[in-house]
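These notes concern the structure reproduced below.
Read the figures in this text as sums done on the coordinates, not as results from a lab. Computed from a predicted model, the values in this text were never measured in an experiment. Note that we place each Cβ from the backbone using ideal geometry, even for glycine, and neighbour counts take in every protein chain shown.
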Amino acid sequence: MEVRGYLHQIHPVLPVWDVVEALDFYVNRLGFRIAFADDAKNPKYAGVIKDAIEIHLQWHDAKEWEVEIDRPMLRIVTQNIESLFREYGEKDIFNPHTLLRETAWGTKEFAFYDPFKNGLTFYTDV
């Protein structure tokens, strides 16, 4: 019997115009840790880890971004979402409209953008 392929992780790559600034945001504001960077002083590609997820950050020239809202949106499955919402709320990350809400599709979630307009939605099934 042939063993079939199995997908078990995904490491999305988010475009950023300043990898150092992105690392600062993800590490000091969102509580990730640096997994790797291609250069210690001026990285162009780096990865961050928190709990069981890993996100990669890749430099892109901001001049190449024609439409500011044409950015990736990640949906991150979360445990203890109320605690995470409180933790991030204390770090001045949210805009005034960020809410923890229950959706019509059966989740409880909140969302915001990183400094590079990449969307981050944290959610749990209810």
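A few points about this structure:
- Distance between the pseudo-spin-label points of Trp105 and Glu82 (7 Å out from Cα toward the beta carbon): 2.5 nm.
- With one equal scatterer per alpha carbon and no solvent term, the Debye-computed log10 I(q)/I(0) for the stretch 14-56 at 0.15, 0.17, 0.24 1/Å reads -0.29, -0.38, -0.76.
- Stretching the chain fully between Val3 and Thr98 yields a gain of 29.7 nm (0.36 nm per residue, less the alpha carbon separation).
- When you filter the GluC sites (Glu not before Pro) in the stretch 1-92 for DSSP loop state and at most 14 other Cβ atoms inside 10 Å of their Cβ, you are left with Glu2, Glu66, Glu68, Glu90.
- Antiparallel DSSP beta bridges within the chain, as percent of all bridges there, nearest 5: 70 percent
- Reported value for the chain: 165 Å³ per residue, from the convex hull of its C-alpha atoms.
- 19 Å reach of a label modelled at Arg75, 7 Å along Cα-to-Cβ, counting backbone N of the stretch 88-126: 99-114, 118-126
- When shorter helices are ignored and each DSSP H run of at least 4 residues is given -39500 (n - 2.57), the per-residue value for the chain at 222 nm works out to -3000 deg cm²/dmol.
- The stretch 26-94 - Rg and Dmax from Cα coordinates, angstrom: 14.3, 39
- Assigned charges on the beta-carbon of Lys, Arg, Asp, Glu; the chain dipole about Cα centre (debye): 220 debye
- Close amide H partners of Thr107, meaning residues 5 or more places away or on another chain with modelled amide H under 5 Å apart, are Val126.
- Mean sequence separation of contacting Cα pairs (under 8 Å, at least six apart), scaled by the length of the chain, corresponds to a relative contact order of 23 percent.
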